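Structure first, commentary second.
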Amino acid sequence: MKRNRINPDILNFSWSLLVALSLYEQNGKKSPLQQHMFIMRWLETALKKKLLPKSVAGELNWFIDEGRRLGFRAGLRAKAEYLWHTGTEDQDTLSDLSRFTHFFEAMKMLGWRDVLVTDQEWALLSATNASIPTVWLRNTALRSSFDLYGNMSAPLEIKLNKGFEGIFLLADDADLDLVISGVENNLMVMRISC
């Protein structure tokens, strides 16, 4: 089993949020907007009443800021689920596709935009294509690199428009191998494998 770099207080925070949301949903399925409103109230109450340790104040404030900035599109539930699963699951039991997805979800949580492109768009990409941190992946490569069971059959290349030292930690957390392949049109090219 891999070492766990996630603070146990953060795991407790994500677990508490997910349990509260499950209890809220016991009376029936809620819309994404209703879920978001409940989560925002829960987060703000937890902050105001100091229900969680100080060690999670940064994450709590980040969740609240994301919720205010993006509204229900912030995907706060998915972010809490990601924290919980990353900290509690043995990455060896997950399929390659699940670990690959966790990797991209973590990048999105850190403000990166992920974009699937065609082979033609891939060839024309350059650093001027996006001003916000963006990672590109070829759609055909994604489809051909995983079998029906989620096993990776071939390495995948990604392109990034900005340097990001933390990407290697994210790959390590997802139990993926990541190497820099080079630079192409001022974009960093990296290869991901299992």
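Charge dipole of the stretch 85-194 (Cα centre as origin; +1 on each Lys and Arg Cβ, -1 on each Asp and Glu Cβ, all else neutral): 500 debye, rounded to the nearest 20. Computed from Cα positions, the angle between helix 8-24 and the longest principal axis of the chain comes to roughly 70 degrees. Here the simple spin-label model places points 7 Å from the Cα toward Cβ, and for VAL19 and GLU157 these points are separated by 4.8 nm.
Toward the positive end of the charge dipole of the stretch 1-133, with +1 on the Cβ of Lys and Arg and -1 on the Cβ of Asp and Glu, the farthest Cα among LEU43, ASN12, PRO32 is that of LEU43.
Ranked by solvent-accessible area (1.4 Å probe, protein heavy atoms only, all chains present), the residues TYR149, TYR24 order from largest to smallest as TYR149, TYR24. Accessible area per residue for the chain is 57 Å², calculated with a 1.4 Å probe on protein heavy atoms, without ligands, DNA or RNA.
Against the chain, whose longest principal axis is taken from its Cα atoms, helix 76-88 shows a tilt of about 80°.
Judged by the gyration tensor of its Cα atoms, with axes a ≥ b ≥ c, the stretch 21-95 is oblate; a/c meets the 1.5 cut and b/c is at least as large as a/b. Using a 1.4 angstrom probe on heavy atoms only, work out the carbon and sulfur share of the accessible area of the stretch 6-104 in %. Roughly 56 percent, rounded to a whole number.
Computed from the C-beta positions of SER181 and ASN12, the FRET efficiency with R₀ = 25 Å rounds to 0.05.
Shape class for the stretch 145-194, computed from the alpha carbon gyration tensor (a ≥ b ≥ c): oblate, with a/c not under 1.5 and a/b at or below b/c.
Spin-label model, LEU116/SER98: points 7 Å from Cα along the beta carbon direction are separated by 2.1 nm.
Where a ≥ b ≥ c are the square roots of the eigenvalues of the C-alpha gyration tensor, would you call the stretch 83-168 rounded, which needs a/c under 1.5, or, failing that, prolate if a/b is larger than b/c, or oblate? Cα axes put the stretch 83-168 in the oblate bin. Taking the Cα centre of the chain as origin and assigning +1 to Lys and Arg Cβ atoms and -1 to Asp and Glu Cβ atoms, the resulting dipole is close to 960 debye. Remark: spin-label model distance GLN26-ARG68 equals 3.2 nm, labels positioned 7 Å along the Cα→Cβ axis. Once the C-beta distance of HIS85 and LEU124 is scaled by a Förster radius of 30 Å, the resulting FRET efficiency is 0.25 to the nearest 0.05.
The values are calculated or read from the model by the stated rules, or taken from the named source; none is laboratory data. Worth saying up front: this structure is predicted, and the values here are computed from it rather than measured. Every residue, glycine as well, gets a Cβ built from its backbone with ideal geometry; the counts of neighbours run over all protein chains shown. Accessible surface is based on the protein model in full, side chains and every heavy atom, while ligands, DNA and RNA are left aside. Shrake-Rupley method; radii C 1.70, N 1.55, O 1.52, S 1.80 Å.
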